[in-house]
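S.K.: There's a structure below that I have some questions on.
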2 protein chains.
Amino acid sequence: MKLSRKSDYALRALFTLVENYGRGPISIREIAERNDIPRRFLEQIMLDMKSRKWVESIAGRDGGFILAKSPDEITMGQVVRHFDGILAPISCVSTSHYEPCSQEGVCRFRRVLLDIRNYVSRLMDDATLSRVFTGAIVRREEVFSPDMVYGEGI
Amino acid sequence: MKLSRKSDYALRALFTLVENYGRGPISIREIAERNDIPRRFLEQIMLDMKSRKWVESIAGRDGGFILAKSPDEITMGQVVRHFDGILAPISCVSTSHYEPCSQEGVCRFRRVLLDIRNYVSRLMDDATLSRVFTGAIVRREEVFSPDMVYGEGI
DNA sequence: TATAATCACGACCAACTTGATCGGGATTCA
DNA sequence: TGAATCCCGATCAAGTTGGTCGTGATTATA
């Protein structure tokens, strides 16, 4: 999974709305400023998220956006899948965007990619906005040392 | 991590060479046919891998390619990093391709992406060609049910 | 009711990446 | 000599990314 700017910006915006949950709308301009996002680009993204029913807009002066549902009803998985289309590292191990591959029966490394898919999928679908916001989504790898680095660097 | 065709093809070719390890060279044409890879495209990739000292070439008629080192001295991590540049889902959690981000101090979801980075990095750097070839790289997620699917699909 | 701030919508676009193809040269074996 | 191979650089079409821009429509407030 490679996170696009769009997913990145969408998540930044959503967490800003989570932070303000129950306290009225925030304008695109303010979200953009607080999160260092190009304003006109964020416009697109917010409208997109509105059509997905993740946010609601209030038009006119003093208008802006609020979350359309509770922060534990939206997951990072949903957001990234919407904007980036696929979480799996390759489509032959994707269920939502599966495409057949002539080598599937003999491929030696498919298994490794499948493992990555499973891990990423599980993690992202567990990651509701509220859990991530409160830091409740810490996993095995981070229990011992938060800044632990594996392998040669990534 | 999104696996590019180049990485994919490179890995297919390498595992073909592993299969034939110690039994003479295989031509690009044959590797291409056996793995369903465009021949002229594979040429580039093999030359690239030659410069990385992963494979050696034998020129002239009956020539071809062989592995330049033992299958347990090459990892999937090295290959994917070479062709795709970055394993991490976003550069702010990459060590090899780190780029600063204005939101780093306040970002709510960086932690989740860091977790993915750690998992992928560890898995890929453990994945030597020989271990993957023999199937010795099965991990937690796959111990119980090989085709287990998590979340909404990926 | 004028005005300023906001959301809404669609068109446009430059730069980059991906996934190749192509022509022709150098090397080697039979 | 010729056939099969590796070698090298140029080129390129299509799609994706990451935006910008102009212009309406809506609404609170002075």
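S.K.: Taking N as the number of residues in the protein assembly as shown, what value does Rg over Cα atoms divided by 2.2 N^0.38 Å take?
M.R.: Numbers: Rg = 22.0 Å, N = 308, 2.2 N^0.38 = 19.4 Å.
Cα Rg divided by the expected 2.2 N^0.38 Å: 1.13.
S.K.: Please arrange B:Phe15, A:Phe109 by counting, for each residue, the other beta carbons lying within 10 Å of its beta carbon, fewest first.
M.R.: B:Phe15, A:Phe109
S.K.: Here's another thing I want to ask about it. Show me the three semi-axes of the equivalent ellipsoid for segment B:1-138, from the C-alpha gyration tensor (sqrt of 5 times each eigenvalue), largest first, rounded to whole Å.
M.R.: After scaling each eigenvalue by five and taking roots: 33, 16, 11 Å.
S.K.: Once the label point is placed 7 Å from Cα along Cβ, list for B:Gly63 the distances to the corresponding points in the other copies, in nm, shortest first.
M.R.: Copy-to-copy label distances at B:Gly63, shortest first: 6.8 nm.
S.K.: I've got another one for you. What are the label-to-label distances in nm, one decimal and shortest first, from B:Glu43 to the same spot in the other copies, with labels 7 Å along Cα to Cβ?
M.R.: The answer, with the shortest distance listed first, is 4.9 nm.
S.K.: For segment B:67-140, what class follows from the C-alpha gyration tensor (a ≥ b ≥ c being the square roots of its eigenvalues): rounded when a/c is under 1.5, otherwise prolate if a/b is larger than b/c, else oblate?
M.R.: oblate
S.K.: Please compute the average number of Cβ atoms from other chains found within 10 Å of each residue's Cβ in peptide A:30-40.
M.R.: On the way: counts 0, 0, 0, 0, 2, 4, 3, 2, 0, 0, 0.
Whole-number average of other-chain Cβ neighbours for A:30-40 is 1.
S.K.: Return, for the Cα atoms of segment B:1-58, the radius of gyration and Dmax in Å, separated by a comma.
M.R.: 10.8, 34
S.K.: Assume the label is 7 Å from Cα along Cα to beta carbon: what separations in nm does B:Thr134 have to the matching positions in the other copies?
M.R.: 4.7
S.K.: Count, for each residue of A:100-107, the Cβ atoms from other chains sitting within 10 Å of its Cβ, then give me the mean as a whole number.
M.R.: Averaged over the peptide's residues, the number is 3.
S.K.: Quick check on chain B: helices-only [θ] at 222 nm, where DSSP H runs of length 4 and up contribute -39,500 (n - 2.57) each and the sum goes over total residues. Nearest 500, please. Intermediate results must be reported in sequence, preceding the final value.
M.R.: Working: 7 runs with 72 residues, N = 154.
For chain B, the value works out to -14000 deg cm²/dmol.
S.K.: In the P(r) worked out for segment A:30-78, what percent of Cα pairs fall beyond 13 Å?
M.R.: Distances greater than 13 Å cover 63 percent of the Cα pairs.
Coordinate-derived values only; no laboratory data. All values reported here derive from a predicted model rather than from experimental measurement. Don't worry about glycine lacking a Cβ; one is built from the backbone with ideal geometry, like all the others, and counts go over all protein chains shown.
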